[in-house]
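Right, one structure below, let's go through it.
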Amino acid sequence: MPDVVILATGGTIAGAAATGTQSGYTSGQVTIDAMVNSVPGLTKLANIKGEQISNVGSQDMSFEIMLLLAKRINELAAGKTVSGVVITHGTDTMEETAYFLNLVSKTDMPVVLVGSMRPSTAVSADGPLNLYNAVAVAADPNAKGRGVVLVMNDWIHSAQTLTKVSTTAVQTFMSPIRGLIGTTSYGINDFYRYPDQKFCLTSEFSAEGVTKLPRVDIIYADVDMPADLIDASVERGAKGIVIAGVGNGNMPKAALEACARASKKGVIVVRSTRVATGTVGRNVECNDDELGLIASYNLNPQKSRVLLSVALLKPRTLEELQKIFIEY
Ligand code: ASP
């Protein structure tokens with residue numbers, strides 16, 4: 001049997017409530033050993049070893065914990081005895097962690113994030129089958145070379161495409177535009193495609209020796225947004241700013257002028273969008289070349305922030321950064 005390591009970080013999958021039908025609960029209450037023991041048949045899929053990295057709701061996920069995960073994945077990959085890694089994680093910020101690990105994991109072994117929308121004590125808890133399917137994907141040689149993926153509710157998403165779309169529904173993750181990597185049903189996997197952008201072994205980024213990431217702020221655009229939030233972010237020492245723009249990464253004129261001021265001071269400004277699907281293109285309704293701005297292309301604000309934080313670990317020109325946003 002393949003060896004699979006489960007790195008547990010917390011989330012609703014490890015959450016507990018006093019009764020099976022209440023909406024209130026606490027994330028990160030159940031240990032990884034208890035979770036493994038509660039899933040019938042799990043130990044028939046792989047030799048499983050659990051490690052508790054943290055036990056937090058993913059609203060409290062941090063770059064510090066993400067760096068610990070990256071370090072452990074890279075150690076396990078270098079050891080060459082493990083077939084795959086599963087990470088149990090809260091769903092709120094799963095896309096940030098998945099995308100970060102897709103940038104800095106130096107491996108082609110499957111790295112599978114999994115969570116649940118209902119706590120372990122709920123009627124019809126979704127965690128146990130999600131964990132079963134996640135281990136089945138991590139143990140599957142066909143999952144190799146597909147980068148960091150998320151397995152929930154029978155669907156296999158790429159870290160590049162997945163996004164959370166519902167606050168409560170079990171089918172909360174979607175991969176708009178590019179679509180799924182595959183599907184899984186009671187441990188039987190069906191793979192459709194490989195990710196088409198750079199990731200893991202083709203990624204130029206590394207978390208080796210990194211203890212802190214540069215400050216990058218996200219600022220939300222809307223009607224009459226206060227442009228001085230952008231100036232405040234620069235004053236507070238941000239090295240990068242991501243605008244969750246309206247439409248195709250747009251914002252009111254005053255905000256655009258504040259972005260140009262920030263760019264002149266050497267702060268990198270990325271135009272992303274608050275819209276759920278579609279790309280943000282360069283020089284569409286504003287002149288990025290003149291204003292010194294970057295277009296996020298496929299990345300939503302939260303993934304843009306992760307990419308910019310990692311990219312700013314070393315000095316890069318605007319041209320280099322724009323290329324990175326197109327390629328990742
Ligand atoms: N707030 C929880 C978390 O992200 C929600 C979940 O896991 O579904 O940890």
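The values are calculated or read from the model by the stated rules, or taken from the named source; none is laboratory data. Computed from a predicted model, the values in this text were never measured in an experiment. Glycine gets a Cβ as well: all are built from the backbone with ideal geometry, and neighbour counts include every protein chain shown.
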One residue is enough: does the stretch 135-144 have a residue meeting the conditions modelled with pLDDT of 95 or more, under 21 Å from ASN55 (Cβ atoms), within 13 Å of the ligand (Cβ to nearest atom) and of a type in the set (Val, Ile, Thr)?
no
Looking for something buried (at least 22 other Cβ atoms within 10 Å of the Cβ), in contact (Cβ under 8 Å) with a residue 40 or more places away in the chain and aliphatic (A, V, I, L, M) - is there at least one such residue anywhere in the stretch 50-58?
no
Any residue at all in the stretch 59-79 that is within 13 Å of the chain's Cα centre (by Cα), within 15 Å of the ligand (Cβ to nearest atom), surrounded by fewer than 22 Cβ atoms within 10 Å (Cβ to Cβ) and small (Gly, Ala, Ser)?
yes
The conditions are (1) more than 16 Å from the ligand (Cβ to nearest atom); (2) modelled with pLDDT of 95 or more; (3) under 24 Å from ILE73 (Cβ atoms), and VAL151 fails exactly one of them. Which is it?
(1)
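Just checking, how many residues over the stretch 235-254 are crowded, with 22+ Cβ neighbours inside 10 Å and more than 22 Å from the chain's Cα centre (by Cα)?
Kept after step one, since they are crowded, with 22+ Cβ neighbours inside 10 Å, are these residues of the stretch 235-254: 240-245, 249, 251.
Pick out the ones that are also more than 22 Å from the chain's Cα centre (by Cα) and you get 251.
So the count comes out to 1.
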Residue ID - nearest to ALA276 (Cα to Cα), chosen from residues in the stretch 203-257 that are small (Gly, Ala, Ser) and in contact with a Pro (Cβ under 8 Å, 6 or more places away or on another chain):
ALA244
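Conditions tested, residue by residue: (1) hydroxyl-bearing (Ser, Thr, Tyr); (2) surrounded by fewer than 21 Cβ atoms within 10 Å (Cβ to Cβ); (3) within 11 Å of the ligand (Cβ to nearest atom); (4) closer than 26 Å to SER166 by Cα.
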| residue | (1), (2), (3), (4) |
| --- | --- |
| VAL85 | no, no, no, no |
| PHE100 | no, no, no, yes |
| MET117 | no, no, yes, yes |
| VAL123 | no, yes, no, yes |
Kindly list, by first and then second residue, each pair from a residue in the stretch 212-233 that is aromatic (Phe, Trp, Tyr) to a residue that is not in a loop (DSSP other than H, G, I, E, B), limited to pairs with Cβ atoms under 7 Å and residues at least 6 apart or on different chains.
TYR220/ALA244
Residue by residue through the stretch 277-292, note down the ones that are within 11 Å of LEU256 (Cβ to Cβ) and acidic (Asp, Glu).
GLU285, ASP288, GLU290
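What do you reckon, is VAL216 surrounded by 17 or more Cβ atoms within 10 Å (Cβ to Cβ), closer than 19 Å to GLN322 by Cα and in contact with a Leu (Cβ under 6 Å, 6 or more places away or on another chain)?
Numbers: surrounded by 17 or more Cβ atoms within 10 Å (Cβ to Cβ): yes; closer than 19 Å to GLN322 by Cα: yes; in contact with a Leu (Cβ under 6 Å, 6 or more places away or on another chain): yes.
Answer is yes for this residue.
Taking LEU307, is it out of contact with any Phe, Trp or Tyr (no Cβ under 9 Å at 6 or more places or on another chain), in a helix (DSSP H, G or I) and modelled with pLDDT of 95 or more?
Numbers: out of contact with any Phe, Trp or Tyr (no Cβ under 9 Å at 6 or more places or on another chain): no; in a helix (DSSP H, G or I): yes; modelled with pLDDT of 95 or more: yes.
Considered against the rule, which asks whether it is out of contact with any Phe, Trp or Tyr (no Cβ under 9 Å at 6 or more places or on another chain), in a helix (DSSP H, G or I) and modelled with pLDDT of 95 or more, LEU307 comes out as no.
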